[in-house]
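Below is one structure, written out as structure tokens; the observations come after it.
What follows is calculated from the coordinates using simple rules that are stated; it is not laboratory data. All values derive from a computational prediction rather than experimental measurement. Every residue, glycine as well, gets a Cβ built from its backbone with ideal geometry; the counts of neighbours run over all protein chains shown.
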Amino acid sequence: PIRLVGYGLTVGLDGTGDRTMQGVGGGGMTIQSVVNTLRNFNVEVPAALVRTRNVAVVIVTAEVSPFLRPGGRFDLQVASMGDARSLRGGVLYMTPLVAEAGGRPVAVAQGTLLLSEVGDTRSRYGAPPVPETTARLPQGGQLEADLPRPTFAGATRLLLKEPDVTTASRIAQAINAALGPNSAKVEDPGAVALALADSADRAATLGRIVALRVQPDRVARLVI
């Protein structure tokens with residue numbers, strides 16, 4: 001997957017946002033972000049008059065499949081950067097997402113944040129309290145530009161997200177049983193090399209491989 005990140009504002013909080021004022025406790029970034037956002041709409045507000053208790057600065061992160069096309073949607077994770085007490089009830093203001101610092105935006109994030117629904121966030125049965133400074137935004141991201149895309153049909157190996165030689169051996173055995181001897185061999189605990197015959201429908205062959213069921217020695221997933 002490709003990791004995306006963005007810096008944005010969550011608005012609409014019920015007095016639980018970043019509580020600091022300009023020049024006190026490091027709240028300057030929140031105030032400056034609000035001032036800059038308003039300036040984009042030709043509204044000038046002196047920074048000294050801005051209070052941010054209904055706003056919180058946040059970092060937005062996501063993992064996106066390289067095969068997702070522009071217009072496709074994906075889930076987001078949002079985390080507070082300041083001293084906000086809770087993001088509950090907040091709405092993420094439109095936030096550009098980049099694949100690397102200083103890079104051009106490839107996606108945009110926006111929407112109502114979703115926090116864990118619990119009746120009491122205090123510790124229960126010794127468990128830690130549920131944090132309210134992180135949230136999810138299901139399908140809140142939208143891709144706006146093509147991502148670097150590997151050649152799916154040209155894949156020559158399967159990669160295990162959790163390398164394990166026993167699991168790799170079982171995967172190679174299952175592929176050889178389904179497609180014929182010498183179709184796959186263990187390259188190392190984290191990779192199974194493929195030797196597939198050339199065909200017009202190589203993608204369909206890879207689909208058959210991915211659909212094979214293998215009992216892992218421990219949880220392992222394939223990446224093509």
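Worth a mention:
- Across region 206-215, computed HN-Hα scalar couplings (Karplus, 6.51 cos²θ - 1.76 cosθ + 1.60, θ = phi - 60°) run 5, x, 4, 5, 4, 7, 5, 9, 10, 7 Hz from first to last residue, x flagging Gly and Pro.
- Shown is the FRET efficiency for Ala211 and Arg136, computed with R0 = 25 Å from the Cβ-Cβ distance and rounded to the nearest 0.05: 0.25.
- For Gly82, distant residues with modelled amide H under 5 Å away: Val57
- Fully extended contour minus Cα-Cα distance, from Ala47 to Gln77, at 0.36 nm per residue: 7.9 nm
- Karplus (6.51, -1.76, 1.60) ³J(HN,Hα), θ = phi - 60°, over region 86-93, in Hz, Gly and Pro reported as x: 7, 9, 4, x, x, 10, 6, 6
- Converting phi to 3J(HN,Hα) with the Karplus coefficients 6.51, -1.76 and 1.60 and the offset θ = phi - 60°, region 184-191 yields 8, 8, 6, 8, 6, x, x, 8 Hz in sequence order, with x at every glycine or proline.
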